[in-house]
1. Divide by every residue of the chain the summed helix terms, -39500 (n - 2.57) for each DSSP H run of at least 4, and state the resulting mean residue ellipticity at 222 nm, rounded to the nearest 500 deg cm²/dmol.
2. Just from the alpha-carbon atoms, what are the Rg and Dmax of the chain in angstroms?
3. Cross-link partners among aspartates and glutamates for Lys107, C-alpha distance below 15 Å, same-chain residues fewer than 8 apart left out?
4. As I understand it, the value is the acute angle between the Cα axis of helix 117-127 and the longest principal axis of the Cα atoms of the chain; what does it come to in degrees, rounded to 10?
5. Note down the nm distance, to one decimal, between modelled labels 7 Å out along Cα→Cβ at Glu54 and at Leu181.
6. Given R₀ = 45 Å, FRET efficiency for Lys130-Asn39 by Cβ-Cβ distance, to 0.05?
7. Do you know the relative contact order of the chain, to the nearest whole percent, from alpha carbon pairs under 8 angstrom that are 6+ apart?
8. Using r as the Cβ-Cβ distance of Ser76 and Ile196, and R0 as 25 Å, what FRET efficiency do you calculate, to the nearest 0.05?
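Each value in this text was obtained by applying a stated rule to the coordinates, not by laboratory testing. This is a predicted model, so every value here is computed, not measured. Note: ideal-geometry Cβ built from the backbone for every residue, glycine included; neighbour counts use all protein chains shown.
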Amino acid sequence: MISFICGEVVDKTEGTVVIKCNDIGYEINATGCAYDKCNVGQSIQLYTYMQVKEDGISLFGFASQQEKNMFLRLISVSGVGCKVAQAILSGIDAQQLALALYNGDTKTLTKIKGLGKKTAERLVLELREKVSVDGSVAQQEKPQNNGVVLTPQMQDAVSVLMSLGLTETDAVRRITAASQLGATTTEELINTSFRIS
């Protein structure tokens with residue numbers, strides 16, 4: 001398994017980038033976010049997933065570990081292959097996808113090119129609980145171990161961040177900081193949290 005690749009971008013075309021690393025050029029099928037980060041002549045690090053099939057080996061590239069985690073969740077769903085998962089993550093970023101799944105928002109999902117209603121419903125059915133801490137939307141405020149009180153919106157945001165691979169401690173820290181910066185809705189909290197280091 002190749003976890004990530006660091007090197008110089010030597011070519012990019014239609015969702016595919018070539019990264020030169022130790023005199024080897026790796027052709028990588030990149031998500032939209034990963035593709036946009038790649039500029040020919042510059043060094044880049046992409047997280048990767050290697051697909052091995054009878055007819056060949058393919059590498060898929062991601063802009064972050066969180067995006068890769070979401071990709072792995074997508075391909076765990078029956079009928080969703082690597083190419084479909086790549087297309088989904090090229091149509092919506094990982095945190096917005098997690099939020100849509102968490103909320104059962106098939107309307108947002110079907111806006112993604114190539115994603116039909118039945119597949120969107122299957123994604124929600126199979127992944128909704130996986131993007132939640134306990135499989136349900138929090139209904140009331142409850143203090144965490146560090147004494148911070150999280151609103152229901154903050155708890156939802158924490159759940160989404162954890163579904164993307166963050167630890168509960170880091171997710172709570174980011175969402176608390178986002179709240180202090182003025183974010184209130186779940187979507188605002190998530191978006192702001194990814195700008196916090």
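1. Computed mean residue ellipticity for the chain: -12500 deg cm²/dmol.
2. Rg then Dmax for the chain, in Å: 17.8, 56.
3. Result set, ordered by chain and number: Glu121.
4. 70 degrees
5. 5.0 nm
6. E(calc), rounded to 0.05, equals 0.85.
7. Over the chain, the number comes to 14 percent.
8. The calculated FRET efficiency here is 0.30.
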